[in-house]
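See structure below.
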Amino acid sequence: MDAKTLKLRPVIIAVLMLMPLAASAVVPLVTDDADPVDFGHLQLNSGLQFSRMASANLYDYSINPVYGITLRSEFGVTFG
């Protein structure tokens, strides 16, 4: 190896060690904005999650309707 490659080796190793692994990334349990749903409006949130284990593949589909009951509050439930 030449001198330039030897100088870059520690930098490349450090970058690779500090990179986040895509396999360890997960979807947040809940993602929503801070503002409540407008009064009288309906917001529909949904999501699909896939999990793979040694013995099975699991699929989870959830639906979350949210209704604005006042200007500053909302009511929602989650199915799935």
Inset, instruction - Filter region 1-17 down to the residues that are aliphatic (A, V, I, L, M) and more than 38 Å from the chain's Cα centre (by Cα), then identify the one that is surrounded by the most Cβ atoms within 10 Å (Cβ to Cβ). - result: LEU6
Legend entry - Condition met for GLY40 (at pLDDT 90 or above and among the small types (Gly, Ala, Ser)): yes
Legend entry - Failed item, numbered, when THR78 is tested on (1) modelled with pLDDT under 90; (2) exposed (fewer than 11 other Cβ atoms within 10 Å of the Cβ): (2)
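The values are calculated or read from the model by the stated rules, or taken from the named source; none is laboratory data. Every value quoted in this text rests on a predicted model; they were computed, and no experiment measured them. Neighbour counts are summed over all protein chains in view; Cβ atoms, including those assigned to glycine, are modelled from backbone coordinates with ideal geometry.
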